[in-house]
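Novice: Please see the structure below; I have some questions.
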Amino acid sequence: MGKVEKTILFGGLNNQNPPTEVGIDNSVIAANVDFLDDKSAALRDGTTITTETGSVGTMIQGEDKVIFNVGTALRSFNGTTVSALVTLAGGTNVKLLEVNDVLVVSYSAATAFYNSAYTIITPAVTAPLDGEDQHKVLATGLANSHCLATFAGHLLFGTDDGIKFTDAYNIFQYDDRDYLLATGFAVKHIAVTNSGIWAAGDDDVVFLAGETIGSLTFDYRSNAGCIAIASTRRSEWGENETELPQYVALLTTGVFLLNDDGSMTDLSDQNYRPPIASAGAAIVRDINGARQALFSFANGGSGAMYTNKSETKPVTATGLAVSGTGSNTDVTAIAVNLKTGAISEYTNFGFTSLAFIGDDAYGSRTTGIFSLTGETDLGVDIPASYLSGVTDFPNEGQYGSPEDAFMQKTILDLYLGMTVFQDAGYCWLRADEVLDRKYPYRGTSFSDRGVRNIRIKGIGKGIRGRYWQFGYENEFGSDFQIDSVLAMGARLKRRV
């Protein structure tokens, strides 16, 4: 075949920042994998049922608990015990917002306010704002909202007409004459920054710049639909809390950072497009030191979202939820490394709400509330895999001239640098996006866990191609953390 000397063709997982250069396509295909900041890829955590509560409608994070509704029953869960709080007057399209020890409940018929003892209260009425301001027009009805938030002392309602707000100088004061920030579309997501308001719907994303209601100016940002928004800020992260923009969003065009100044950054670099989806849940969490955005969204389901933001207390997370999306089989989840943009899809992981109790993440769906921990998904093994981007090895230092990248190559040796937990899995080779070979590693007994270099035996002759991908797949739910895949091969003296 006219082979030249063996050389390193590929090294790395293409999940670094900046990404490993792998030629024409830097995208990674991954399932049930967490991409970490130290260049490694690891099996994700499983899920464990904590309480069977019935069908949870909306769940948000409270001070040391989550608050949720099951129909008209409003309840809390502290990680151990479920407590009954109050019976709501309505149980349809419930949205919750806790701020300044007041719980705001919006549902299909009305909006109600509860104090810390969950007794309904009537906020004091104040004088109205100037209704002649050009941003505002009088509007009616605060029920049936898509989302709730607060801005500059005002309670905001995302509605089919735009953002409605009450004439309130703080959350305790409320005027039944409310006003409308006209956006031109139904607002299903609101995210508040120090310099304005992000508002998004099924087809548009806008930024309303300003520090007060009267100073807001309208800036159009995107014609993409918004599926979910999560806050990146948690007080537990200390000084590192503000190293990222305040919000990350899953749009129909990819994953974007919503910067505090009203600009947007394409984190997924056009390598990800979610399936058709109407609403989702999202949180940002720490995975072995990596900041990760977790999005769970319904494939063509129905529902709406809310943002849980406090004006006076530290924001520990933004709780987002969808309503009535059905079983977890109707829901897709993705995990995004916020440093590198690497994306992995989670299977069997459908939740309609996500929130924290302390540092622990929880998800809810029709059967109850689940802890996002464990070695399995409710006793079922977690199948995981990743496949690198496509490369034709364009680095001229490997071959002496750029033209050599056009040549066919063959792989002679394959090595996995990985932390071994259980010895069961496969390494993939894919040539020209058509021919797949899977090579198992078996039979090696390790007395302790540690990073090891494992040679994949049995690499045979006959597989060749110009474009290559490399990957890994576990077996029997085996735990793993891969640091690198090293492929050594040879260039052939032919182009086809």
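Novice: Under a plain spin-label model, where a point goes 7 Å from the Cα along Cα-to-Cβ, how far apart in nm are Ala182 and Ser195?
Specialist: 2.7
Novice: Full extension from Asp203 to Glu52: what is 0.36 nm times the residue separation minus their Cα-Cα distance, to one decimal in nm?
Specialist: Details: separation 151, 0.36 × 151 = 54.36 nm, distance 3.61 nm.
Answer, rounded to one decimal: 50.8 nm.
Novice: While we're looking at this one, here's another question. How much length, in nm to one decimal, is gained on full extension between Asp160 and Asp269, taken as 0.36 nm per residue of separation minus their Cα-Cα distance? Kindly include the intermediate steps, with their values, before the conclusion.
Specialist: Numbers: separation 109, 0.36 × 109 = 39.24 nm, distance 3.10 nm.
Full extension of this stretch gives 36.1 nm more.
Novice: Provide the FRET efficiency to the nearest 0.05 for the Asp432-Thr376 pair, computing r from the beta carbons and using R0 = 51 Å.
Specialist: Working: r = 36 Å, r/R0 = 0.71.
With R0 = 51 Å, the Cβ-Cβ based efficiency is 0.90.
Novice: From a point 7 Å beyond the Cα of Thr367 in the direction of its Cβ, which residues of segment 49-77 have a backbone N at a distance under 16 Å?
Specialist: From segment 49-77, the list is 49-56.
Novice: Quickly work out the Ala424-to-Asp260 label distance, labels modelled 7 Å from Cα along the C-beta direction, and quote it in nm with one decimal.
Specialist: Rounded to a tenth, the inter-label distance reads 4.9 nm.
Every read-out reported here was derived from the displayed coordinates using simple, explicitly stated rules and does not represent laboratory data. Small disclaimer: the values here were computed from a predicted structure and weren't measured. Cβ coordinates were reconstructed from backbone atoms using ideal geometry, including for glycine residues, and neighbour counts include every protein chain displayed.
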